[in-house]
1. Please state the shape class of the range 150-212: rounded when a/c is under 1.5, otherwise prolate if a/b exceeds b/c and oblate if not, all from the C-alpha gyration tensor.
2. Rounding to the nearest 20 debye, state how big the charge dipole of the range 150-206 is about its Cα centre with +1 on each Lys and Arg Cβ and -1 on each Asp and Glu Cβ.
3. What is the packing order of peptides 134-145, 85-96, 289-300, 20-31, taking the mean over residues of other C-beta atoms within 10 Å and listing the highest first?
4. For the range 76-152, what is the charge dipole size about the Cα centre, in debye to the nearest 20, if Lys and Arg each add +1 at the Cβ and Asp and Glu each add -1 at the Cβ?
5. Quote the Stokes-Einstein diffusion coefficient, in whole µm² s⁻¹, for the range 97-172, based on the Kirkwood radius over alpha carbon pairs, a temperature of 20 °C and a viscosity of 1.002 mPa s.
Amino acid sequence: MSRTEPAHRDIPVNLVTGFLGVGKTTTIRALLAQRPQDERWAVLVNEFGEIGVDGGLLADTGVRTEEIPGGCLCCVSAQMFTVGLNRLIRQQRPDRILIEPTGLGHPAEIIRTLTAPPYDTALDLRATVTVMDARHLASPRHREHPNWNDQIAVADVLIANKADAWSEADREALHAFVAGLPAPRPRVIETREGHIDAALLDAPRLEHGGALFPEARAYLSATADDGHDHAHDHGHEHEHDHAPAADASDWVVIDNRGDGFVGRSWRFPTSTVFDHAALEALIQEQDADRLKGVLQTERGWQQINRVERDGGLEALAAPPETTPPRLELIRAESGDRGGRKELEALNAVDRALRRAARLPADDD
């Protein structure tokens, strides 16, 4: 058997996709809670940033998670995706795989990979679950983003999440939007906190006219014309303020840019402990589209799952020792020339994090 040949056959696979902050990881947690005791499930996570966070948010589920950081799966990450998927298949021999693409990803590309050799005879691709927030229907930034449209277009099951936060106008907009979708329309489930019946994973796949639909074809054509440059900045070209801080020299800080968004990811030494009050204040100041992380404070481990201005620190069970503290911030590009204001804003967050970092706890 070649290194690229999957080592198992007919494994049910589901994509759980959706835009930034709609609750994909929360939905996956709800699904994992319904896993039959005699089944081994695995999760493959792809994230916009170079330092994965969602894997840490799933660490307490007892399910093997493979992380593929680094943005979209249609360019350099595609090879990392297949390597990670093959590793899950060989090492875990799972009874089901859930794949969570980045909220800025093009899921049609993943569908094309999973339905082509060698995976077409090794995996059983089942319903694609797309998570959305009806409030985004009133946002041109979402409605006009090709990725948002791509994710809706491949949905076999459309999870309208965070229903408890909608207005009646949001609900009416959702009903009108679904009614306007081309046939065959996905099954729509209104819910909160990602609570859905795991039986939906085995809902029938719809015939969407092929794995690639118009938005994805246009996207792939455009990127082919421009040399497939997604403007992902994977380097350390930003400035660092290396003021004295706990283990500051060991912090890993990586910037990323693509699909109209910029992000910065931090990974900290496991010994790093943050001042809880200072960290909470920093989080509440942020108006980024997405801020998520797993960090330790003097009050124990905390998770951050903030969408725009909603969310703060939440207590979290201590993750495995192999899980380093990490944080990811994503915001829409500002359009300023050269991205100077974006860089200054990210550097300000970096400096505030370093001020909030406490000295490593005494091992004694």
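What follows is calculated from the coordinates using simple rules that are stated; it is not laboratory data. A quick note: this is a predicted structure, and the numbers were derived from the prediction, not measured. For neighbour counting, all protein chains shown are included, and Cβ atoms are generated from backbone atoms with ideal geometry for every residue, glycine included.
1. Cα axes put the range 150-212 in the oblate bin.
2. Charge dipole of the range 150-206: 160 debye, to the nearest 20.
3. Order by mean packing, descending: 20-31, 289-300, 85-96, 134-145.
4. Using Cβ point charges on Lys, Arg, Asp and Glu, the range 76-152 gives about 160 debye.
5. Rounded, D is 155 µm²/s.
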